[in-house]
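The values are calculated or read from the model by the stated rules, or taken from the named source; none is laboratory data. As the structure is a prediction and not an experimental result, all values here were calculated from the model. Every residue, glycine among them, receives a Cβ derived from its backbone with ideal geometry; neighbour counts consider all protein chains shown. Ligands, DNA and RNA are stripped out before the accessible areas are found, and what is left, the full protein with its side chains, is counted by its heavy atoms. Shrake-Rupley method; radii C 1.70, N 1.55, O 1.52, S 1.80 Å.
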Amino acid sequence: MSLPKNIVFFDGVCGFCNKSVDFLLKVDGRGRLLFSPIQGETAKRILPAERRENVDTISFFDGERVFYRTTALLKIARLLGGIWLVFYPLIVLPEEWRDAAYNWVAKRRYRIFGKREACRMPSPEERARFLD
């Protein structure tokens, strides 16, 4: 069975992560991105166990490889195109440098943005974009 591509894996109970998904749904006018909570069945098929247990990291599956943290964000920006391409040149910076700020926010995201009791439920209009 072939796997879909352009999947954004996110922490389904994280307030910040859910707001990020809302943002991506809004700016992805062509509907190229699909979404799956890290806690879902699709993540079990694609992400290694240690990545599913470490829910503080956004992941992006392009159909062949999985990217994490800022690399995932930059790959998403490249896929979106348009104004978002302005960020892609940051890919040349060492990943450790790029991920430093990401990791700082990730460690504090529940405290700053809150935590939900359950994973996000997509609206009927969004349902086709969510795999789980």
Approximate spin-label separation ARG65-VAL27, in nm, with each point projected 7 Å along Cα-to-Cβ
2.2
Most fluctuating residue given options GLY63, GLY40, GLY12, as computed from a GNM of the chain linking Cα atoms under 10 Å:
GLY63
Which value, in Å² and to the nearest 10, is the accessible area of LEU85 when all protein chains are kept and the probe is 1.4 Å?
80
Probe 1.4 Å, accessible area per residue of segment 66-126, Å²
69
Over segment 18-132, equivalent-ellipsoid semi-axes from the Cα gyration tensor in Å
21, 19, 15
Which shape class, rounded, prolate or oblate, goes with segment 1-45 when its Cα gyration tensor gives a ≥ b ≥ c as root eigenvalues, a/c under 1.5 marks rounded, and past that a/b bigger than b/c marks prolate?
oblate
Express the relative contact order of segment 1-101 as a whole percentage, based on alpha carbon pairs under 8 Å and six or more residues apart in sequence.
26
State the percentage of accessible surface on the chain attributable to carbon and sulfur atoms; use a 1.4 Å probe and exclude ligands, DNA and RNA.
58
Out of all DSSP beta bridges with both ends in the chain, state the antiparallel percent to the nearest 5.
60
Among LYS44/LYS107; LYS75/LYS107; LYS5/LYS75, which pairs are too far apart, with a Cα-Cα distance over 18 Å?
LYS44/LYS107; LYS75/LYS107
For segment 79-132, compute the orientation-averaged projected area of the C-alpha convex hull (one quarter of its surface), in nm².
6.2
